[in-house]
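Presented below is the structure to which this report refers.
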Amino acid sequence: MSAAKINVENLSLWYGAAQGLKDVSVEIEEHTITAIIGPSGCGKSSFLRTLNRMNDHVPGARVTGRVLLDGEDIYARGQDPARLRKRVGMVFQRPNPFPMTIYQNIAYGPRVHGERSEARLREIVEQSLRRAALWDEVRDKLQKSAFELSGGQQQRLCIARALAIEPEVLLMDEPASALDPVATAKIEELTDALKENYTLIVVTHNMQQAGRISDHTAFFLSGELIEFGPTRDIFTRPRDPRTEDYVTGRFG
Amino acid sequence: MAFRRGLGRYRLTQAALLLLWFGVLRGIGPPKGPPDVGSLLASIVGAVGAVAASAAFGVAAGGALAFTPGGWRWRMALSMSAALPSVVVGATLLTWLGDRLGAVPGIGLVTAGLGLLCLPQTVLLAEESFGRRRETGEAAQALGARPAEAAVAVYGFVRREVAGILLGVAGRALGEAALVALLAQGLLERGRLALQAGTTLASALWYLEITGRVRDARAFWPAVLLLLLSLVAAGGAAVLAGERREGRLR
C-alpha cells in the first residue's frame, strides 16, 4: 500500500450561493493514477481545481474543510498558492501553449521559479520533452512556434511544460477530450509511464479510459463524492446503485 | 466581462484611427466645390466603416493565425471564407446604391457597409481571442506564475492581435492611396465606387497574404512600419488630390 499523498477532509466549495462540492473526503495515494468520473456539472473539475487552489481566481468561490498535501493544509493561513502550484502541476482540457517557441514554453515555468542558467534550462527542456514522449518529434525545431505542432503534440507540450517545474502531483482535466484517438492513445501511454514519478489525478468523461489508465476511481454526482475505490471494484462491483447506473450507462 | 474590457481597449485604438482617417478623407474631399453637410457626414460614416472593416479583417487574420494549431492555412481560409462572400455581395449592393446617391456619400456607404458586414466575424474572433488569452493566463498561473508573470506569457497574443489590426489598417490605407492617386491623376472619373470596393477586397487579400507569412508576434514591428509607410502614401495621395482640386496640378 502506497503512502497517502493527498488527504481531503470534509471539503465543501461554494460559488456565491451555489454549492459546487458537498463534504468531500478522500485519500489519494502516492504514485497512483486516480480517475475522477461523473456526469457534466457534477463537480469533477471543481474538485480538481481545489487541489491546486485554482478556484482562488473564481470570484465568489469559497472553500471549507481541509486539503492536506503531505500532511500540510494547503488552505492554511500563510500558504502561498504560487508555491503550491509548483508542487501540484495542472494540464487543462484544451491544449494551451504560450505564444512562444517550443523551448520557451518549457523553460517558462523554471524561469518563473528562479532558474537562470541557460545550460540547466536546456537540460530541463530536453528531460521534460523526453518524459512527455515528445523529444524525438521536436528536437530539431525547438526554436519554432509552439503553434506549429499538431493538437496532440501541443497537449504533450503542455504536459512537458507542467513536468518542467518538477511537480509531485499532476492534475489533468480531461486531457484527451479534444484529441483524436491516436493522440489520445499517446496521452494514455504517457500517463502510465508518469505514474512511476508522479501522483496523477485525471478527470475524464470516458469510462473506458478511466478503466484503462487508473488505479482508483472517484465517482461524483451533484457535487457529492458517491463512491471511491479501486477502479476494478468501481466498474465490476460498485457498492452504490447510482455508481452502477452511471458506469453501466443508464444515465449521464 | 473580459470581452467587454477588451473591447474598451480597442475602442481607444479605433478612436485614434478614426481621427486619422477623418483627416485623410477631409483632405480628399469631394471632387468639386466645398464639402456639404451630407458629404461630411458620409465621410465620417465612411471613416468609421473603414476603420471597422480594417480592424475586422485584421482581427480575422490575426485571430486565425493565433488559434490554429495545425493546418493553419486551411483554417485561415475557412475562417475568412465566412466573411468574404458577405463582403463581396454587400459591396456590390452598396456600390449600386452609392451610385444612385452620388460619389462621396456612396463611398461612405460602401466603407461603412463593409465594416458592418465584417462586425459579426470580428466579434466572434475577438471573443475567441480574449477567451484564449484568459485560458493561457490561467495556465501560466497553474505553473506557479504570479499575475504579473502570467501577463508575460500572454503578451505574445496581444502583440499578434495588434499586429493583425495594424496590418489590416495598413493594407486598407495602401488601397486608399492607390485609389486617391488614380483619382488625382484624373485617370478615373467614373466607376470609382467599383474601384473602392475592389481596393478594399484587394487590400484584404494583400494583408491576409502578408499575415499568412508571419506566424508569430514578430509581425508586430513590421506591421507598425507598414502602417506608417502606407499612411504616408495615403497622405501624399490626399495632398495630390487637394492640389488637383485647387487647379495647381494638371
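The values are calculated or read from the model by the stated rules, or taken from the named source; none is laboratory data. This one's a predicted model, so the numbers in the text were calculated from it and none came from an experiment. All Cβ positions, even for glycine, are placed from backbone atoms using ideal geometry, and neighbour counts span all protein chains on display. Please note that ligands, DNA and RNA were not included when accessible areas were found on the heavy atoms of the full protein model with its side chains. Shrake-Rupley method; radii C 1.70, N 1.55, O 1.52, S 1.80 Å.
Which condition from (1) part of a helix (DSSP H, G or I); (2) over 29 Å from A:I187 (Cβ atoms) is the one that A:G114 breaks?
The failed condition is (1).
Select from region A:119-128 the residues that are at pLDDT 95 or above and more than 11 Å from A:I165 (Cβ to Cβ) and write down the one among them that is most open to solvent (accessible area, probe 1.4 Å).
Step by step, filter region A:119-128, then rank; the result is A:R122.
Spot the failing condition for A:T64; the list is (1) of a type in the set (S, T, Y); (2) surrounded by fewer than 21 Cβ atoms within 10 Å (Cβ to Cβ); (3) more than 9 Å from chain B (Cβ to nearest Cβ); (4) closer than 28 Å to A:G151 by Cα, and only one is missed.
(4)
In region B:139-156, what count of residues is obtained for those that are more than 7 Å from every other protein chain (Cβ to nearest Cβ) and either surrounded by fewer than 17 Cβ atoms within 10 Å (Cβ to Cβ) or in contact with a His (Cβ under 6 Å, 6 or more places away or on another chain) (or both)?
Of the residues in region B:139-156, 5 are more than 7 Å from every other protein chain (Cβ to nearest Cβ) and either surrounded by fewer than 17 Cβ atoms within 10 Å (Cβ to Cβ) or in contact with a His (Cβ under 6 Å, 6 or more places away or on another chain) (or both).
Tell me which residues, restricted to region A:183-201, are in contact with a helix residue (DSSP H, G or I) (Cβ under 7 Å, 6 or more places away or on another chain) and open to solvent by 20 Å² or more (accessible area, probe 1.4 Å).
The answer is A:K186, A:E188, A:D192.
When region A:155-165 is examined, which residues are found to be away from chain B (no Cβ under 11 Å) and either in contact with a strand residue (DSSP E or B) (Cβ under 7 Å, 6 or more places away or on another chain) or surrounded by fewer than 22 Cβ atoms within 10 Å (Cβ to Cβ) (or both)?
From region A:155-165, those away from chain B (no Cβ under 11 Å) are A:156, A:159-160; that's our starting set.
Within region A:155-165, just A:I159 meets the criteria.
Name every residue in region A:96-110 that is under 20 Å from A:V169 (Cα atoms) and either open to solvent by 50 Å² or more (accessible area, probe 1.4 Å) or within 7 Å of chain B (Cβ to nearest Cβ) (or both), in order of residue number.
A:N96, A:Y108, A:G109
Name the single residue, out of those in region A:202-252 being of a type in the set (D, E) and part of a strand (DSSP E or B), that is most open to solvent (accessible area, probe 1.4 Å). Steps first, please.
Going residue by residue through region A:202-252, those that are of a type in the set (D, E) are A:215, A:224, A:227, A:233, A:240, A:244-245.
If we keep only those that are part of a strand (DSSP E or B) as well, we get A:224, A:227.
Details: A:E224: 77, A:E227: 7 Å².
Per the stated criteria, the residue is A:E224.
Just to be sure before I move on: is A:R87 at the interface with another protein chain (Cβ under 10 Å from one of its Cβ atoms), open to solvent by 20 Å² or more (accessible area, probe 1.4 Å) and modelled with pLDDT of 95 or more in the structure I sent? If you could, list the steps in order and put the result at the bottom.
Details: at the interface with another protein chain (Cβ under 10 Å from one of its Cβ atoms): yes; open to solvent by 20 Å² or more (accessible area, probe 1.4 Å): yes; modelled with pLDDT of 95 or more: yes.
Here the answer is yes, as A:R87 does meet what is asked.
Which of (1) touching a Lys or Arg at 6+ places or on another chain (Cβ under 9 Å); (2) free of Cβ contacts under 8 Å to residues at least 12 places away in the same chain does A:T248 not meet, given it meets every other one?
(1)
Quick grid of which residues meet (1) among the basic types (K, R); (2) open to solvent by 10 Å² or more (accessible area, probe 1.4 Å); (3) in a helix (DSSP H, G or I); (4) modelled with pLDDT of 95 or more:
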{"site": "A:A133", "(1), (2), (3), (4)": "no, yes, no, no"}
{"site": "A:D136", "(1), (2), (3), (4)": "no, yes, yes, no"}
{"site": "A:Q143", "(1), (2), (3), (4)": "no, yes, no, no"}
{"site": "A:F147", "(1), (2), (3), (4)": "no, no, yes, no"}
{"site": "A:A178", "(1), (2), (3), (4)": "no, yes, no, no"}
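Could you check A:F228 against (1) within 15 Å of the chain's Cα centre (by Cα); (2) modelled with pLDDT of 95 or more and say which number it fails?
For A:F228, the exception is condition (1).
Just to verify a result, which residue in region A:16-44, among those that are among the small types (G, A, S) and surrounded by fewer than 22 Cβ atoms within 10 Å (Cβ to Cβ), is farthest from the other protein chains (Cβ to nearest Cβ)?
Taking region A:16-44 first, the residues among the small types (G, A, S) are A:16-18, A:20, A:25, A:35, A:38, A:40-41, A:43.
The next check asks that each one be surrounded by fewer than 22 Cβ atoms within 10 Å (Cβ to Cβ); those that pass are A:16-18, A:25, A:40-41.
Values: A:G16: 15, A:A17: 19, A:A18: 18, A:S25: 25, A:S40: 19, A:G41: 20 Å.
Result: A:S25.
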